[in-house]
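Trainee: What follows is a single structure, and I will ask about it in a moment.
The values are calculated or read from the model by the stated rules, or taken from the named source; none is laboratory data. Just so we're clear, the structure is a prediction, and the values are computed from it rather than from any experiment. So basically every Cβ, Gly included, is an ideal-geometry build from the backbone, and we count neighbours across all protein chains shown. What goes into the accessible areas is simple: the full protein's heavy atoms, side chains included, and nothing from ligands, DNA or RNA. Shrake-Rupley method; radii C 1.70, N 1.55, O 1.52, S 1.80 Å.
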Amino acid sequence: MFRLDGKRAFITGAGRGLGRAIAAGLAERGARVAIGELPERLSDAESAARELGGVAVPLDVRQIASAQTAIAQVLEALGGIDILVNNAGVNRPQDALDVTEEAWDAVLDTDLKGVFFTAQAAARQMRQRGGRIVNIASQNGVVGFPKRAAYCSAKAGVINLTRLLALEWAPYRILVNAVAPTFIETELTAVTLSDPALRDEILSRIPLGHLGTPDDVAAAVIFLASDEARMVTGHTLLVDGGWVAR
Ligand SMILES: NC(=O)c1ccc[n+]([C@@H]2O[C@H](COP(=O)([O-])OP(=O)(O)OC[C@H]3O[C@@H](n4cnc5c(N)ncnc54)[C@H](O)[C@@H]3O)[C@@H](O)[C@H]2O)c1
């Protein structure tokens, strides 16, 4: 079960962090992977691609044309696309009273607009044969967390966008789901988790008592990308150690 042999997967923002672990997990299950990454971090994507036997593709999800070009490059390199993982994301923690238009746009452009237009470009290629789209949302799209006005808004948007796309694209057999992780140690969360008081507060809110790992997220993505998840669409799979169950 959960094999992905012969599948071609594109993972955005996969030069490091969760994306890299997701790419490794998909490759380990037999998929051929394309790693999308910002041009200034393309060397990270190239090293991931070398390690996983895949290809690296420059990508800035904030630019619709870049997403479209990247999908075309994936088609050229892999001969098709069966799985898209919309993983690229940023956060700019700020008190709601201080959020600037620039910070709001930076987060929404990457975390919501980028997810939609990358999905659109991929779905235009998938609609003949079907496919899988997995959006990396966050538990912070389900619950509020201080200093994350833009991030919580974007991730909540991703969760409902996931439902809408699942409905619209079901006739094409494109299944659209999301994974919503709790806090996981990556460069994105380094500042938050290095504050001992905040780290303790976060741990106290996770009933299982520990942070998630990149492999926990990769496992959820592998399931949603697999044939075994063929009846699952429009769903958001929380990987949150029970945070939202409280
Ligand atoms: N780490 C966590 O605790 C956590 C929890 C819930 C959700 N998430 C989500 O998981 C995803 C990955 O997060 P991470 O922790 O690995 O972060 P990270 O910062 O380590 O990695 C994010 C990657 O996305 C890339 N990226 C950023 N902007 C991009 C753009 N415009 N175009 C293409 N690539 C871009 C970055 O270069 C980087 O490689 C994000 O969507 C994040 O919101 C993370």
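Trainee: Which condition number does Asn135 fail, the rest of (1) closer than 26 Å to Ala96 by Cβ; (2) open to solvent by 20 Å² or more (accessible area, probe 1.4 Å); (3) of a type outside the set (A, V, I, L, M, F, W, C); (4) not in a helix (DSSP H, G or I) being met?
Mentor: The one condition Asn135 does not meet is (2).
Trainee: Name the single residue, out of those in segment 119-140 being among the small types (Gly, Ala, Ser) and over 13 Å from the mean Cα position of the chain (by Cα), that is nearest to Gln68 (Cα to Cα). Outline the logic, then answer.
Mentor: Step one: of segment 119-140, the residues among the small types (Gly, Ala, Ser) are 119, 121-123, 130-131, 137-138.
Among the residues that remain, those that are also over 13 Å from the mean Cα position of the chain (by Cα) are: 121-123, 130-131.
Working: Ala121: 6, Ala122: 8, Ala123: 11, Gly130: 18, Gly131: 17 Å.
Once the filter is applied, the top-ranked residue is Ala121.
Trainee: Right, next: Among the residues of segment 3-13, are any among the aromatic types (Phe, Trp, Tyr), within 12 Å of the ligand (Cβ to nearest atom) and either under 30 Å from Val191 (Cβ atoms) or modelled with pLDDT of 95 or more (or both)? Explain how you work it out, then say what you get.
Mentor: Restricting attention to segment 3-13, the residues satisfying the condition of being among the aromatic types (Phe, Trp, Tyr) are 10.
Now drop any that are not within 12 Å of the ligand (Cβ to nearest atom), which leaves 10.
Within this subset, residues satisfying the condition of being either under 30 Å from Val191 (Cβ atoms) or modelled with pLDDT of 95 or more (or both) are 10.
Yes, that holds for at least one residue.
Trainee: Can you tell me which residue in segment 187-246 is nearest to Phe145 (Cα to Cα), limited to those that are among the acidic types (Asp, Glu) and open to solvent by 20 Å² or more (accessible area, probe 1.4 Å)? First the steps, then the outcome.
Mentor: So the first thing to find is which residues in segment 187-246 are among the acidic types (Asp, Glu), and the list is 187, 195, 200-201, 215-216, 227-228, 240.
Filter once more, keeping what is open to solvent by 20 Å² or more (accessible area, probe 1.4 Å): 187, 195, 200-201, 215-216, 227-228.
Details: Glu187: 19, Asp195: 15, Asp200: 15, Glu201: 12, Asp215: 24, Asp216: 21, Asp227: 35, Glu228: 34 Å.
Checked segment 187-246; the qualifying residue nearest to Phe145 (Cα to Cα) is Glu201.
Trainee: Sticking with this structure for a sec: Leu42 passes all but one of (1) without any contact (Cβ under 8 Å) to a residue 40 or more places away in the chain; (2) near the ligand (Cβ under 9 Å from one of its atoms); (3) surrounded by fewer than 24 Cβ atoms within 10 Å (Cβ to Cβ); (4) not β-branched (Val, Ile, Thr); which number fails?
Mentor: Of the numbered conditions (1) without any contact (Cβ under 8 Å) to a residue 40 or more places away in the chain; (2) near the ligand (Cβ under 9 Å from one of its atoms); (3) surrounded by fewer than 24 Cβ atoms within 10 Å (Cβ to Cβ); (4) not β-branched (Val, Ile, Thr), the odd one out for Leu42 is (2).
Listed here are the residues, each with its yes/no results for (1) open to solvent by 40 Å² or more (accessible area, probe 1.4 Å); (2) at pLDDT 95 or above; (3) farther than 25 Å from Ser138 by Cα; (4) more than 9 Å from the ligand (Cβ to nearest atom).
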residue	(1), (2), (3), (4)
Gly17	no, yes, no, no
Arg20	yes, yes, no, no
Ala24	no, yes, no, yes
Gly30	no, yes, yes, yes
Arg50	yes, yes, yes, yes
Ile64	yes, yes, no, yes
Ile71	no, yes, no, yes
Glu76	yes, yes, yes, yes
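Trainee: Can you list the helices (runs of 4 or more DSSP H) lying wholly within segment 146-221 that have 1 or more residues being within 26 Å of Gly30 (Cα to Cα) and of a type outside the set (A, V, I, L, M)?
Mentor: Numbers: elements: 149-169, 190-193, 196-204.
Here the list reads 149-169.
A quick yes/no check of all residues on (1) touching a residue at least 40 places away in the same chain (Cβ under 8 Å); (2) charged (D, E, K, R):
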| position | (1), (2) |
| --- | --- |
| Pro171 | no, no |
| Ala180 | yes, no |
| Thr186 | yes, no |
| Pro196 | no, no |
| Asp200 | no, yes |
| Leu203 | no, no |
| Ile206 | no, no |
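Trainee: Also: Give Val176, Val115, Val142 a once-over and let me know the one that is away from the ligand (no atom under 15 Å from the Cβ), hydrophobic (A, V, I, L, M, F, W, C) and closer than 25 Å to Trp243 by Cα.
Mentor: Details: Val115 fails: away from the ligand (no atom under 15 Å from the Cβ); Val142 fails: away from the ligand (no atom under 15 Å from the Cβ).
It is Val176.
Trainee: On to the next question. Can you name every residue in segment 57-100 that is polar (S, T, N, Q), in contact (Cβ under 8 Å) with a residue 12 or more places away in the chain and more than 25 Å from Ala149 (Cβ to Cβ)? Can you show your working first?
Mentor: Initially, segment 57-100 is screened for residues polar (S, T, N, Q), giving 63, 66, 68-69, 73, 86-87, 91, 94, 100.
From what's left, in contact (Cβ under 8 Å) with a residue 12 or more places away in the chain: 68, 73, 86-87, 91, 94.
Selection gives Gln68, Gln73.
Trainee: Right, something else. For Ala166, state whether it is in contact (Cβ under 8 Å) with a residue 24 or more places away in the chain, surrounded by fewer than 24 Cβ atoms within 10 Å (Cβ to Cβ) and either under 17 Å from Gly89 (Cβ atoms) or more than 12 Å from the ligand (Cβ to nearest atom) (or both). Reasoning before the result, please.
Mentor: Numbers: in contact (Cβ under 8 Å) with a residue 24 or more places away in the chain: yes; surrounded by fewer than 24 Cβ atoms within 10 Å (Cβ to Cβ): yes; either under 17 Å from Gly89 (Cβ atoms) or more than 12 Å from the ligand (Cβ to nearest atom) (or both): yes.
Yes: the conditions hold for Ala166.
Trainee: Also, quick follow-up: One residue is enough: does segment 210-226 have a residue meeting the conditions among the acidic types (Asp, Glu), within 12 Å of the ligand (Cβ to nearest atom) and within 24 Å of Phe2 (Cβ to Cβ)? I'd like the intermediate steps shown before the answer.
Mentor: Going residue by residue through segment 210-226, those that are among the acidic types (Asp, Glu) are 215-216.
Those left that are additionally within 12 Å of the ligand (Cβ to nearest atom): 216.
Going one step further and asking which of them are within 24 Å of Phe2 (Cβ to Cβ), we end up with 216.
Within segment 210-226 (the criterion being among the acidic types (Asp, Glu), within 12 Å of the ligand (Cβ to nearest atom) and within 24 Å of Phe2 (Cβ to Cβ)), the answer is yes, since at least one residue qualifies.
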